[in-house]
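Asker: Supplied in structure tokens, the structure appears directly below.
The values are calculated or read from the model by the stated rules, or taken from the named source; none is laboratory data. If you're wondering where the values come from, they're calculated on a predicted model, not measured in any experiment. Using ideal geometry, Cβ is built from the backbone for each residue, glycine included, and neighbour counts are taken over all protein chains shown. Keep in mind that these areas ignore ligands, DNA and RNA; they rest on the heavy atoms of the full protein, side chains included. Shrake-Rupley method; radii C 1.70, N 1.55, O 1.52, S 1.80 Å.
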Amino acid sequence: MKGRISGIKRMEIHDGEGLRTTVFFKGCPLRCLWCHNPESLSFERQVAYFKGKCISCGACRGEQSAEAAERCPTGALWVYGMEYEAEALAALLSADAPFFGEKGGVTLSGGECLAQPEFAVALAKALFDRGIGVYIDTCGHAKREVLENLIPYTEKFLYDVKAMDEAVHLRCTGKGNARILENLSFLCERGCRVEIRYPLVKGYNDGECEKIAEFLLGLKGIEKIKVLQYHSFAASRYEALEMPCHLPSEETLLEDVERAVAVFKSFGLPAVNGAKED
Amino acid sequence: MPFLEEEILDYIHQYGKMASDHVLRLDCERIERMLDRCELTIPKENRFFAVPDHGNIASRVMYGRQDEVHAPICASKLYQNSKSLAYTGACDFGHTSAGWESVISLGIFGLRNRISEYAARADEGTEAFYDNLLRVYDAALRFMRRAADVALAAGKQEMARGLRELCEHAPSNLFEAMQTSIVYYVLQQYFDGTVLRTLGRPDGLFYPFYEKADKADADLLIADYIAEIDRLKAVANIPFALGGSDENGVDLTNALSYAFLHAYGSAQTQNVKLHLLWNEKTPHDFVEAAFRYIRSGNNSIVFMSDRCVISALEGQGVTHRDAARYHIVGCYECGGDEELTCSCNARVNVPKALELALNGGRDMLTGELLGLENNGCLDSYEALFEEFCRQLSYLCGCAMELTDLFEAEYAKIHSAPILSATYCSALEKAGDLYCDYTAKYNSSSLNALGLATAADSLAAIRKAVFEDRTVSLARFVEILKSNWENEEHFRLLIKNKYPKYGMGDARTDAIAKRIVDVLSDSVRCKPNAKGGKWRLGLFSINWRWAFGEKTAASADGRCLGEPISQNTGASFGCDREGATPHLLSVASIDATRVPNGAIADIDLHSSAVRGENGIRALVSSLEGYFSLGGFAVHYNVLDTETLMDARKHPEKYPNLQVRLCGWNVRYTLLSEKEQMEFIERSTR
């Protein structure tokens, strides 16, 4: 079973507990306006061009292709979308197993890992069989059965909740949130370990805090709610991929995050400031 | 300055004119006169007594004699060739540990009495040795009495009382134990002139006194002790070690280890360095606390693995008991109990061995024949590797031969009476550690520089010439000789796209491992000129700049004159896959064959190891590395200055990671504006 990924990060600490390796799946069903991983949106292989790294050597002969990227000596042309067999990728990822310790492991992220369902399950199983703890970092927009198939191999779900208001969700992500919220309820009912991630983007979803809190109050097993601070740092990669960049210009301030955390806490929910704590 | 210029010159020129113990007698006379004559003042801020260095008199005498004694050797071809920096050889007066258990348990008073006990049992012909030592230690006690009077006059009651007690007893409380440590440092470093590069393990040495002390008083004392050490003049820095395990594998971390770690972490010193001796039973919270200090910008903590170090020392023939009590002199160099490590004698430029292999044994920059001639017939990668090994082994031989010539002359150059009195082996053999080679283990050490540069270069030639066949070997050699002239594309392709040591690539790592095995076979346990053994080390510290300047362009994409790789880690920029692959590569070599030190330098941005989870990740990276057989590791958590440099020279920091919002990105991929913002953020 082959899958396509946009990158791997090792010794990552922000995608779950302990020392982890994060695998970024390529392709996502949502189009969040603030997306920081533009290279993970399309399911297709993409060749990016980082102008700042180009020395105009001419090795690419002006082409922006995978073959030209191979000839590029500086990495100015960069291919996003390596293909792997699940078994082979699991073997590769297990190189870091000595460093994972008690809590660490591999996080499947993206893009949206559930959007390559068979590959995600095969990879999670292959890692599970090697004794490596698997976290699933997801936006939740997937068929119920995909989650069901993953549950046996998943230690914890890192689950995005971006808005409760359907219209706000649609405006910010391009999709409604009904299925996302249903899936979240399903995971909680099944007794899965779940950590909520709420990316706080001023002027977009910052009015959703109370509504999200009310919804989460009705769920069981939410271990943590992490409020993430928004920055506009991904602009250079949008440019390199020649993708239109709609990143909000206003950045979330630390105070904004603290305020949101306080709201969640006032509901008795275990919220943390993602800019400070992991 | 207590000496006239002509007196110093006299001490230099009188060496070797009489019997073989003449240098020791002269040195003892000099030390006695310095101790009796030196001016004593007590700075207001001092809680402990210490004096400043007195004009480097001891080292001037030592190096003055060395220049004269070594002159004939320096005229030899062997020495002249070493100027190419393919190899070097030297004496080492700069890396010693005292017999700290004797120093702290006996005190200066007790050390003196122990000499006199040995003197009472002395065989005929050995009395002179003990008399010389007694003369120096008697002078030391007079010096301390004089210091007590000056302290009293300056209103320093505690100091005066402590010094007086120490003139008549072994230390009996924590203050006196610490004062003994500092007085001893001053005596050996400034008067004996032999550089002391560790304060030993204070958590073990001071524990019997700490147990009896009021804990709040003790915490203040520890802070004052560290502040006093920080004020002492040091050659590089003054390390101490915490933790470790005993010979039965029992972890030695105790309450005092924590107290010292916390005092050191809060002290913000520049001069003091900490070695944290780790084993499987080292408490988690102790390691976590150390990482918190590292992360807060305190970068002078090095972790050492007990298991690997002890095994490496045992491989040199050090007994298990002595290996378990190992010391670290300076950076990462380990020695057993009563071992004179001489950790910085000889050096070999590993990339240069490849340069010679590719160029018929000749230096590519000067055309000089430095290595072994060959017929240039290198028609396979294996043939090239064999030839490289032949040259490397030859360079090791040259470095050791040159060092042996120099080291055979210690008896005419330098004695270390103050230090010698702390080694039971020296007292039993009735001879000086340097003049008479009386340490229990008389080691000489060779450091191989540029492991990663050489491994990456061999990997690049294997791929480009023998696998992809994109270039012939003859052509590749021409390209290197021309310093990549008109071949910038090829150079960058190799530099940025070829597999490298430090990326956890098993095939490249295997080359590095083979190189270390060859080095080890050429060096390890070979007999030296002192009746001891040679040891291998793999650190390059700042020498790599000078060595790089004299090394032609290398096949890994490095240009002529650029520094070669640092310590045992990846070449600059070749850690771009992250810290864990970097650690995997370094752990792939057999460090139990490298007692003089194999070290990984891990660069991380503080935001990439933030919060509790950052600490958790740091701890598990350390535990993983040591479980794989790592020897030592140094974590750098980077700051504004580095970020500024990374902005100007992104090529130097391809793996510098910064935290954005729930994930890390590589700093150099950010736009200028974004980079500037991080710089601003890091200054807040």
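Asker: Determine the residues within the range A:253-278 where the difference in accessible area between the chain on its own and the full set of protein chains amounts to at least 40 Å²; count protein heavy atoms only and use a 1.4 Å probe.
Answerer: By number: A:ASP278.
Asker: Using a ≥ b ≥ c from the Cα gyration tensor of the range B:268-342 (square roots of the eigenvalues), is it rounded, prolate or oblate, where a/c under 1.5 gives rounded and otherwise the larger of a/b and b/c decides, a/b for prolate?
Answerer: Note, shape of the range B:268-342 comes out oblate.
Asker: Let me ask something else. Once label points are set 7 Å from the Cα along Cα→Cβ at both B:LEU372 and B:ARG231, what is their separation, rounded to one decimal in nm?
Answerer: 5.8
Asker: Could you work out the helix-only [θ] at 222 nm for chain B, with each DSSP H run of four or more residues adding -39,500 (n - 2.57) and the total divided by the number of residues, to the nearest 500 deg cm²/dmol?
Answerer: -15000 deg cm²/dmol
Asker: Please compute the average number of Cβ atoms from other chains found within 10 Å of each residue's Cβ in peptide A:63-71.
Answerer: 1
Asker: Find how much the distance from B:CYS525 to B:ALA128 grows on full extension, using 0.36 nm per residue of separation minus their present alpha carbon separation; answer in nm with one decimal.
Answerer: Extra length from B:CYS525 to B:ALA128 when fully extended: 139.6 nm.
Asker: Compute the signed sum of charges (Lys and Arg +1, Asp and Glu -1) over the other residues within less than 13 Å, Cβ to Cβ, of B:GLU39.
Answerer: Neighbour charge sum, excluding B:GLU39 itself: 0.
Asker: Please give the contour-minus-distance gain from B:LEU9 to B:ASN113: 0.36 nm per residue of separation, less the Cα-Cα distance, rounded to one decimal in nm.
Answerer: 34.1 nm
Asker: Relative to the first principal axis of the alpha-carbon coordinates of chain B, what is the inclination of helix B:57-74, with its axis defined by its Cα atoms, in degrees from 0 to 90 and to the nearest 10?
Answerer: 50
Asker: To continue, here is another question. Taking only Cα atoms, what is the 0 to 90° angle, nearest 10, from helix B:100-120's long axis to the longest principal axis of chain B?
Answerer: 60
Asker: Which order do the peptides B:339-351, A:149-161, B:185-197, A:207-219 come out in when sorted by mean C-beta neighbours inside 10 angstrom, highest first?
Answerer: So the peptides B:339-351, A:149-161, B:185-197, A:207-219, ranked by packing, come out B:339-351, B:185-197, A:149-161, A:207-219.
Asker: Considering only protein heavy atoms, with the full assembly of protein chains and a 1.4 angstrom probe, order B:SER97, B:SER472 by accessible area, largest first.
Answerer: So, going from the largest accessible area down, we get B:SER472, B:SER97.
Asker: Determine the order of A:PHE119, A:PHE24 by accessible area, beginning with the largest, at a probe radius of 1.4 Å.
Answerer: If we order A:PHE119, A:PHE24 from most to least accessible, we get A:PHE24, A:PHE119.
Asker: Give me the percent relative contact order of the range A:164-272, please, defined on Cα pairs under 8 angstrom at least 6 residues apart.
Answerer: With pairs under 8 Å counted, the relative contact order is 28 percent.
Asker: Farthest toward the dipole's positive end in the protein assembly as shown, which of B:LEU35, A:LEU89, B:ILE413, given Cβ charges of +1 (Lys, Arg) and -1 (Asp, Glu) about the Cα centre?
Answerer: With unit charges placed on the Cβ atoms, the residue in question is A:LEU89.
Asker: Report the charge-dipole magnitude of the range B:134-249 in Debye, nearest 20, computed about the Cα centre from +1 at each Lys and Arg Cβ and -1 at each Asp and Glu Cβ.
Answerer: Dipole about the Cα centre, nearest 20: 540 debye.
Asker: Sticking with this one: Based on Cβ point charges of +1 for Lys and Arg and -1 for Asp and Glu, what charge dipole magnitude is obtained for the protein assembly as shown about its Cα centre, in debye rounded to the nearest 20?
Answerer: 1380
Asker: According to the square roots a ≥ b ≥ c of the eigenvalues of the Cα gyration tensor, what is the shape class of chain A, taking rounded for a/c under 1.5, prolate for a/b larger than b/c otherwise, and oblate for the remainder?
Answerer: oblate
Asker: Then there is this: What spacing in nm lies between the two simple spin-label points modelled at A:GLU242 and B:GLU641, each 7 Å away from Cα in the Cβ direction?
Answerer: Rounded to a tenth, the inter-label distance reads 4.4 nm.
Asker: Follow-up. Counting only Cα, what are the radius of gyration and maximum Cα-Cα distance Dmax of the protein assembly as shown, in Å?
Answerer: Just the Cα atoms of the protein assembly as shown yield Rg and Dmax of 31.4, 102 Å.
Asker: For chain B, what is the relative contact order in percent, using Cα pairs closer than 8 Å and at least 6 residues apart in sequence?
Answerer: This gives 14 percent for chain B.
Asker: Let me ask something else about it. Name the trypsin sites (Lys or Arg not before Pro) in the range B:262-343 that are in a loop by DSSP and that have at most 16 other C-beta atoms within 10 Å, would you?
Answerer: Counting only loop positions with at most 16 other Cβ atoms within 10 Å, the trypsin sites (Lys or Arg not before Pro) in the range B:262-343 are B:LYS281.
Asker: Same structure again: Which whole-number percentage describes the relative contact order of the range B:114-177, with Cα contacts under 8 Å and a sequence gap of 6 or more?
Answerer: About 21 percent, as a whole number.
Asker: Using the Cα atoms of chain B, I'd like the radius of gyration and the largest Cα-Cα distance, Dmax, both in angstrom.
Answerer: When restricted to the Cα atoms of chain B, Rg and Dmax are 26.1, 81 Å.
Asker: List the lysines whose alpha-carbon lies under 17 Å from that of B:LYS550, not counting same-chain residues fewer than 8 positions away?
Answerer: B:LYS83, B:LYS352, B:LYS481
Asker: Sorted by accessible area with a 1.4 angstrom probe, largest first, how do A:HIS169, A:HIS246 fall?
Answerer: A:HIS246, A:HIS169
Asker: With the crude spin-label approximation of a point 7 Å out along Cα→Cβ, what separation in nm comes out for A:PHE267 versus B:ARG469?
Answerer: The modelled label-to-label distance comes out at 6.7 nm.
Asker: Using 1/(1 + (r/R0)^6) with R0 = 60 angstrom and r between the beta carbons of B:ASN173 and B:LYS83, what's the FRET efficiency to the nearest 0.05?
Answerer: 0.65
Asker: Excluding residues on the same chain fewer than 8 positions from B:LYS233, give the lysines whose Cα lies under 19 Å from its Cα.
Answerer: B:LYS44, B:LYS273
Asker: Give the peptides B:516-529, A:232-245 in descending order of average Cβ contacts within 10 Å, highest first.
Answerer: Averaged packing, sorted descending, gives the order B:516-529, A:232-245.
Asker: A:LYS211: which aspartates and glutamates have alpha carbons under 19 Å from its alpha carbon, excluding same-chain residues fewer than 8 sequence positions away?
Answerer: A:ASP160, A:ASP165, A:GLU166, A:GLU182, A:GLU195, A:GLU223, A:ASP256, A:GLU258
Asker: While we're looking at this one, here's another question. Could you tell me how many degrees, from 0 to 90 and to the nearest 10, lie between the Cα long axis of helix A:117-129 and the main elongation axis, the longest principal axis, of the Cα atoms of chain A?
Answerer: Relative to chain A, helix A:117-129 is tipped by roughly 80 degrees.
Asker: Under a Cβ-only charge scheme (Lys and Arg +1, Asp and Glu -1), can you give me the dipole magnitude of chain B about the Cα centre, in debye to the nearest 20?
Answerer: Here chain B has a charge dipole of around 1060 debye.
Asker: Choose one of B:LEU9, A:GLY110, B:TYR87: the residue whose Cα lies farthest towards the positive end of the charge dipole of the protein assembly as shown (beta-carbon charges +1 Lys, Arg; -1 Asp, Glu; about the Cα centre).
Answerer: A:GLY110
Asker: Among B:149-162, B:616-629, how do they line up by average Cβ neighbours within 10 Å per residue, starting with the highest?
Answerer: B:616-629, B:149-162
Asker: What does the charge count around A:SER94 come to, taking other residues whose C-beta lies under 11 Å from its C-beta (Lys +1, Arg +1, Asp -1, Glu -1)?
Answerer: -2
Asker: Then there's this: Rolling a 1.4 angstrom probe over the protein heavy atoms, how many square angstrom per residue are accessible across the protein assembly as shown?
Answerer: Result: 36 Å² per residue.
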